[in-house]
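Trainee: Okay, handing you the structure first.
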Amino acid sequence: MIATGGAALFAIAFMAVGVLLTVVFFAAAALVVVGHFKPSRRLQRAGFIVLAVWFLPAAIWTYYLQTLIEHDQYRVLSKPEVVYGVPLPAGAQVDYRRWARRVQWVMFRTPQEIEGVEYVDQVNFCGRRVCSGTLARDQEIQGLPCRAQTVAGYSETTGHLTECTLAHPFVRQGVTWPTGTTVRIESDKNDSYLPPAGADPIRINGLLVHWGLIVRLTPDGRIRELDRNQSQPDADTHLEAGSIQLKSDQYRFGLDGTIHGGILAQDAVIDGKPRKAGDPVVIQGASH
């Protein structure tokens with residue numbers, strides 16, 4: 001998939017090439033016509049040469065135009081079949097694109113194994129590679145215990161796991177994450193974790209993080225940022241630093257562990273000064 005900015009540039013370039021090919025075609029046709037009525041074999045020959053050179057890029061441009069504007073097509077396989085390089089069983093419902101020659105997604109009625117992983121229901125493809133799919137059972141994928149009936153996601157370019165919901169408590173980056181935590185693995189290794197609703201607070205670097213926060217860690221396991229999980233309307237966004245309780249939609253952490261963005265959830269004494277619930281505060285070096 002092309003990023004938004006890249007898609008805009010591609011569209012502009014593609015349209016410009018189309019306009020250029022159209023101009024070249026009419027110029028070549030004009031040379032042929034003028035050479036015919038002039039008459040001038042030299043003009044006609046030049047026109048035919050331009051048309052011959054024009055034909056191949058025009059054919060390629062037309063092919064890509066078809067891949068961009070075509071609609072999805074659907075089939076239910078009556079027998080096992082390889083569809084554009086993807087081996088599929090009988091009974092599978094396939095969404096595909098004929099011009100692009102690729103499978104978009106497949107619906108499996110029964111569990112099916114692809115590259116050592118069992119899926120059921122919908123599986124999405126990027127070319128011949130699985131982009132995401134619903135897991136048929138609890139299973140380990142690239143070192144993570146992933147939960148049945150949840151979606152596992154993969155990188156379109158490398159095939160590496162990018163999203164997994166934990167099937168049981170699991171220690172990763174020095175933290176014990178509870179069952180149901182969604183792990184999102186980012187390319188820059190600043191991974192994020194979405195604990196499940198109602199989970200007990202999670203201890204990270206001496207802090208207690210409540211379940212309504214998305215935890216973003218640095219490669220060495222320090223908290224980089226905490227953000228409210230917008231998919232959970234009643235998210236518990238409390239953060240406990242010793243006896244100090246904070247609540248916020250976003251917490252940011254300095255390199256020394258200083259917490260920015262916190263709001264006191266209850267009265268507290270900070271650096272010897274009494275503070276009231278609702279006050280915005282900065283907690284110095286709380287996670288060290």
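The values are calculated or read from the model by the stated rules, or taken from the named source; none is laboratory data. The structure presented is a predicted model; accordingly, all values stated were derived computationally and were not measured. All Cβ positions, even for glycine, are placed from backbone atoms using ideal geometry, and neighbour counts span all protein chains on display.
Per-residue answers, yes or no, for (1) within 18 Å of Ser192 (Cα to Cα); (2) surrounded by fewer than 18 Cβ atoms within 10 Å (Cβ to Cβ):
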{"site": "Gln230", "(1), (2)": "yes, yes"}
{"site": "Asp249", "(1), (2)": "yes, yes"}
{"site": "Phe253", "(1), (2)": "yes, no"}
{"site": "Ala277", "(1), (2)": "no, yes"}
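Trainee: Kindly indicate whether Gly262 is free of Cβ contacts under 8 Å to residues at least 60 places away in the same chain, assigned by TED's automatic domain parsing to the domain that holds Glu186 and not in a loop (DSSP other than H, G, I, E, B).
Mentor: On the way: free of Cβ contacts under 8 Å to residues at least 60 places away in the same chain: yes; assigned by TED's automatic domain parsing to the domain that holds Glu186: yes; not in a loop (DSSP other than H, G, I, E, B): yes.
Spelling it out, Gly262 is indeed free of Cβ contacts under 8 Å to residues at least 60 places away in the same chain, assigned by TED's automatic domain parsing to the domain that holds Glu186 and not in a loop (DSSP other than H, G, I, E, B).
Trainee: May I ask you to list the residues in the range 59-111 that are assigned to a loop (DSSP other than H, G, I, E, B) and at pLDDT below 85?
Mentor: The initial filter retains those residues of the range 59-111 that are assigned to a loop (DSSP other than H, G, I, E, B), namely 70-72, 77-80, 84-85, 89-92, 98-101.
Selection gives Glu70, His71, Asp72, Arg98, Trp99, Ala100, Arg101.
Trainee: Follow-up. Regarding Leu208, is this residue surrounded by 15 or more Cβ atoms within 10 Å (Cβ to Cβ), part of a strand (DSSP E or B) and touching a Leu at 6+ places or on another chain (Cβ under 6 Å)? Show your work before the answer.
Mentor: On the way: surrounded by 15 or more Cβ atoms within 10 Å (Cβ to Cβ): yes; part of a strand (DSSP E or B): yes; touching a Leu at 6+ places or on another chain (Cβ under 6 Å): no.
Considered against the rule, which asks whether it is surrounded by 15 or more Cβ atoms within 10 Å (Cβ to Cβ), part of a strand (DSSP E or B) and touching a Leu at 6+ places or on another chain (Cβ under 6 Å), Leu208 comes out as no.
Trainee: Moving on. Within the range 145-153, is there a residue that is crowded, with 17+ Cβ neighbours inside 10 Å, under 29 Å from Leu68 (Cα atoms) and basic (Lys, Arg)?
Mentor: no
Trainee: Could you please give the count of residues in the range 6-29 that are surrounded by fewer than 13 Cβ atoms within 10 Å (Cβ to Cβ) and among the small types (Gly, Ala, Ser)?
Mentor: 6
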